[in-house]
Amino acid sequence: MDNSFFIRSNQENLKIKRFHICTWEFLSTCLVEFGVEIDSESIQGLNSLTLDLYIPWIEYDSKVSDFYDKLKKSDNSRFIFNDSVSNTSYLDGGQNREGVIHEFSDRNRLCLLPVVFHNNFNHNLVSMNIDLTEYDKKSIKSNIYLRIGVEPVSESIATVKKGIGKSTIIYDIKLNESRNIPDHLLKEFKNSIPCHVETCFCFHIVPNNYNITFFESEYLKNVRTLEFQPFKNYLDDKRIKNNELIVIFSKKNGSDSYSFFSIFTKERIGPSQFAIAILINIVCGFLFAFPAIRNGMPDTEDFHEIILSPPVEFYLAFSLAIGLLIYLFIPPIMALIRQKWLKIQSVFK
């Protein structure tokens with residue numbers, strides 16, 4: 001799947017200190033988080049700010065959420081920003097609706113702000129409007145931060161290859177690579193400016209039964225088991241299971257565009273593999289048995305006698321083979337039909 005993302009704005013000289021891309025790989029579903037930390041000096045005097053995030057795979061049925069309500073809680077921000085929160089103040093006197101300021105122990109304070117979405121899914125764009133009125137009134141000098149979550153219609157944004165004995169997940173994440181701008185957005189992109197991103201962080205959260213087959217080791221910063229309870233509280237998502245996910249963290253900086261490539265693999269020994277082995281065994285048995293069955297056919301044109309001539313074991317094995325074929329092929333066919341149907345629905349909405 002194409003994962004060429006673009007972050008743009010109508011505001012000149014807008015500086016993004018940190019851009020976060022975080023992918024969650026669950027069973028048959030996924031989640032992608034995007035976080036943006038904007039330099040305070042580049043927004044001084046602005047009453048509002050609009051950011052356009054291009055997401056190539058977004059569709060009408062994709063769910064887009066503002067994670068402000070999650071991060072305004074200091075316990076959640078402590079884990080997301082990997083630093084303890086020493087103090088929290090509010091832009092609206094404690095109602096927590098207009099924005100909060102977290103002061104950290106070892107890093108600069110951050111002002112977390114809510115966003116209003118203006119989605120343009122026809123062009124694969126999520127427009128985020130940030131109200132800076134209260135921020136300006138307080139004359140705050142801290143950077144602002146916003147974070148959103150996007151749930152795709154597809155099972156994964158990665159390229160997934162399911163072999164007989166091995167599954168492979170390939171992530172090819174790109175940010176602001178001008179050569180990947182889609183043709184239908186060339187005209188629209190002329191009316192906006194690419195945001196300069198000083199540092200890009202990429203987090204992949206995958207099941208721990210996958211092995212890291214390839215990673216850019218120069219930029220790999222950390223691999224660890226996901227802290228279950230804190231992140232379960234953060235996402236409030238039943239898909240997070242204890243001791244089942246690992247976090248792979250990479251970081252790049254000092255470039256106009258960024259790319260992260262990684263491959264994860266998992267050896268597969270499960271019901272599907274056993275079903276394939278049984279099916280192959282039945283087919284081989286049929287090939288060996290056909291000469292004897294053919295010789296035992298009655299010399300008659302009576303269809304009823306021909307049907308009854310093979311032994312009952314022949315029909316039992318044949319029924320089992322048909323059942324295995326249904327087990328192996330019907331689920332992926334139904335998933336494909338569902339995906340096509342959702343795309344058709346999105347066109348007529």
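The values are calculated or read from the model by the stated rules, or taken from the named source; none is laboratory data. It should be emphasised that the depicted structure is a prediction, and the values quoted were computed from it without experimental measurement. Cβ atoms come from the backbone with ideal geometry, glycine included; neighbour counts cover every protein chain shown.
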- Taking S167, is it in contact with a strand residue (DSSP E or B) (Cβ under 9 Å, 6 or more places away or on another chain), exposed (fewer than 13 other Cβ atoms within 10 Å of the Cβ) and in the same structural domain as I263 (by TED's automatic domain parsing)? no
- Task: Kindly indicate whether any position in region 25-33 is over 30 Å from K266 (Cα atoms) and either surrounded by 19 or more Cβ atoms within 10 Å (Cβ to Cβ) or in contact with a Lys or Arg (Cβ under 6 Å, 6 or more places away or on another chain) (or both).
- Result: no
- Mind counting the residues in region 312-326 that are at pLDDT below 75 and surrounded by 13 or more Cβ atoms within 10 Å (Cβ to Cβ)? 1
- Task: Could you tell me whether Y54 is touching a Leu at 6+ places or on another chain (Cβ under 7 Å), within 17 Å of N143 (Cβ to Cβ), buried (at least 19 other Cβ atoms within 10 Å of the Cβ) and of a type outside the set (V, I, T)?
- Result: no
- Note on the structure: All-but-one check, G99 against (1) small (G, A, S); (2) in contact with a Cys (Cβ under 8 Å, 6 or more places away or on another chain); (3) closer than 30 Å to F26 by Cα, failing number (3)
- Task: Look through region 156-194, keep the residues that are free of Cβ contacts under 8 Å to residues at least 40 places away in the same chain and assigned to a helix (DSSP H, G or I), and return whichever of them is nearest to P332 (Cα to Cα).
- Result: D183
- Residue among V197, V153 that alone is closer than 30 Å to P331 by Cα and not in a helix (DSSP H, G or I): V153
- Answer with yes or no whether K70 is in contact with a helix residue (DSSP H, G or I) (Cβ under 6 Å, 6 or more places away or on another chain), at pLDDT 90 or above and basic (K, R). yes
- Query: Do we find a residue being basic (K, R), more than 23 Å from C195 (Cβ to Cβ) and within 17 Å of the chain's Cα centre (by Cα) anywhere in region 64-75?
  - Reply: no
- Residue ID - surrounded by the most Cβ atoms within 10 Å (Cβ to Cβ), chosen from residues in region 6-16 that are touching a helix residue (DSSP H, G or I) at 6+ places or on another chain (Cβ under 9 Å) and part of a strand (DSSP E or B): F6
- Task: Could you list all residues from region 230-244 that are part of a helix (DSSP H, G or I) and without any contact (Cβ under 8 Å) to a residue 12 or more places away in the chain?
- Result: K232
- Residues in region 139-153: is at least one without any contact (Cβ under 8 Å) to a residue 12 or more places away in the chain and over 25 Å from S192 (Cα atoms)? yes
- Item | Condition met for D256 (surrounded by fewer than 17 Cβ atoms within 10 Å (Cβ to Cβ), closer than 20 Å to V150 by Cα and not β-branched (V, I, T)) | no
- Message: Here are the criteria: (1) of a type outside the set (S, T, N, Q); (2) more than 14 Å from F264 (Cα to Cα); (3) not in a loop (DSSP other than H, G, I, E, B). Tell me which single one E218 does not satisfy.
- Response: (3)
- Query: Looking at region 32-50, which of its residues are touching a Leu at 6+ places or on another chain (Cβ under 8 Å) and either closer than 22 Å to I181 by Cα or in a strand (DSSP E or B) (or both)?
  - Reply: F34, G35, V36, E37, I38, S48, L49
